[in-house]
Amino acid sequence: MIFDRTARRLRRDRAAPAFAEFDFLRAAMLEGIADRLASVTHRFTDMLDLGCFDGALPVPEGASVTRCDAGALFAAQVGGVQCDEDRLPFAPGSFDLAISAGVLDSVDDLPGALTLVRRALRPDGLFLAAFCGAGTLGTLRAVLREAERERPVARIHPQVDVRSGGDLLARAGFALPVADVEPLTVRYGSIGGLLRDLRGMGATNVLRARTALRRDTLARAADLFAARADPDGKTAERFDMLYLTGWAPAPSQPKPARRGSGTASLEGALRRPPGVREA
């Protein structure tokens, strides 16, 4: 138990009223999910939007949607269900499509959450997820560590890398698991702009063992952040968006090829040019 569930819910409630001003990261994730969904020929009838935020996730034509969120305000805004992702209230086989964007990186029991999603899917149901993975906020992590060099404190939670993402899908019982990463670089004029974005998207520190950031520490971090700026005065921060794709097992599914028999790199096929955003 490394995350404070109450703090996480409250952070999301605080972000809900003005989330549209800070939704660029989730919007990028939804775009990536849409690209992956476009290549699927299945017709879906019942979709789960897991971690719905403001309900911006489009619904496939002809499908009904159930939206849920750990934050009460996000859930209420879209007529959804309030629940934590690792404590889902849905019966087995309720959905044939489950999509989650921007929330699974801060779930206490991620293996359990993935298992619950798989159980909530019907055979041959599809799961698509995106969240921030390993490498995200590397600049912020570095300047905070240097600013608190004498007494370093964990302020950014542990992150899942692409290899672990695939392993988690397999461990949860998904068939044909795929994990891949797309980077997004955002350039900030100050550390304040980055912290404002994180607060606006409900992504600030929700670790159980967290301590307040002192003013003098923040001032040192701000100077260190500015010292890493490009000639135009802006500092690059990176968000590594980890995508997971898996299917609920079904007898009709193709069997994976023998390990080592492939001739092309899936990573190369899925890689897209890194995005850059100015802030």
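To the nearest 10 degrees, how steeply does helix 138-147 sit against the main Cα axis of the chain, on a 0 to 90 scale? Once rounded, one gets 40 degrees. When the Cα positions of 138, 111, 100 are compared along the charge dipole of the stretch 95-220, 138 comes out farthest toward the positive end, with charges on each C-beta of Lys, Arg, Asp and Glu. When the P(r) is computed for the stretch 10-146, the part past 27 Å accounts for 19% of the Cα-Cα pairs. Local charge for residue 111 was computed over the other residues whose Cβ lies under 12 Å away, with Lys and Arg +1 and Asp and Glu -1, and equals -3. Considering the chain as a Gaussian network with a 10 Å cut-off on Cα pairs, which listed residue, 83, 68, 52, attains the greatest mean-square fluctuation? Evaluated over the chain, the most mobile residue of the options is 83.
A dipole drawn for the chain from +1 and -1 charges on Cβ atoms has a positive end, and of 77, 1, 125 the residue lying farthest that way is 1. Modelled spin-label separation between residue 228 and residue 209, with each label point placed 7 Å from Cα along the Cα-to-Cβ direction: 2.4 nm.
In loop segments of the stretch 1-104 as defined by DSSP, the GluC sites (Glu not before Pro) with at most 12 further C-beta atoms inside 10 Å of their C-beta are 61. The three principal axes of the Cα atoms in the stretch 31-83 give end-to-end lengths of 34, 21, 14 Å, sorted in falling order.
Between the stretch 100-179 and the stretch 1-18, what is the C-alpha centre distance in whole Å? Their Cα centres are 17 Å away from one another. Modelled spin labels at residue 141 and residue 31, positioned 7 Å past Cα toward Cβ, are 2.5 nm from each other. Label zone of residue 82 (point 7 Å out along Cα→Cβ, amide N under 11 Å): in the stretch 6-28 this covers 9-10, 13. Per residue, the convex hull spanned by the Cα atoms of the stretch 198-259 measures out at 253 cubic angstrom. Rounded to the nearest 20 debye, the dipole size of the chain about its Cα centre is 640 debye, using +1 on the Cβ of Lys and Arg and -1 on the Cβ of Asp and Glu. Label the stretch 49-119 by shape, choosing from rounded, prolate and oblate, from the square roots a ≥ b ≥ c of the eigenvalues of the Cα gyration tensor; if a/c is under 1.5 it is rounded, and otherwise prolate applies when a/b is larger than b/c, oblate when it is not. Oblate, since a/c reaches 1.5 and b/c is not below a/b. Under a Gaussian network description of the chain, with springs only between Cα atoms under 10 Å, the residue in 202, 55, 192 that fluctuates furthest is 192. May I ask for the net charge around residue 48, where only other residues with Cβ less than 11 Å from the Cβ of residue 48 are counted and Lys, Arg are +1 while Asp, Glu are -1? Charge balance near residue 48 sits at -3. Placing dummy labels 7 Å off each Cα toward the beta-carbon, the span from residue 218 to residue 171 is 3.6 nm.
Rounded to the nearest 0.05, what FRET efficiency is calculated for residue 59 and residue 252 with R0 set to 22 Å and r the Cβ-Cβ distance? Calculated value: 0.30. Its Cα centre serving as origin, the stretch 185-245 has a Cβ charge dipole (Lys and Arg +1, Asp and Glu -1) of approximately 320 debye.
Computed from backbone phi with θ = phi - 60° and the Karplus coefficients 6.51, -1.76 and 1.60, the 3J(HN,Hα) list for the stretch 13-21 is 5, 5, 7, 4, x, 10, 4, 4, 7 Hz; x is used for glycine and proline. Here the stretch 1-159 is assigned +1 on the Cβ of each Lys and Arg and -1 on the Cβ of each Asp and Glu. Its dipole about the Cα centre then comes out at about 360 debye. Once the chain from residue 18 to residue 6 is taken as fully extended at 0.36 nm per residue, the excess over their C-alpha distance is 2.3 nm.
In summary, the convex hull built on the alpha carbon positions of the chain has an orientation-averaged projected area of 15.8 nm². Given a 10 angstrom Cα cut-off, can you work out which residue in 135, 233, 165 is the most mobile in a GNM of the chain? Looking only at 135, 233, 165, the biggest GNM fluctuation is shown by 233. Taking other C-beta atoms within 10 Å as the exposure proxy, 99, 2 rank 2, 99 from fewest upward.
Laboratory data are not the source of any read-out in this text; all were calculated from the coordinates shown. Keep in mind it's a predicted model, so treat the numbers as computed, not measured. Note that each Cβ is placed from the backbone with ideal geometry, even for glycine, and that neighbours are counted across all protein chains shown.
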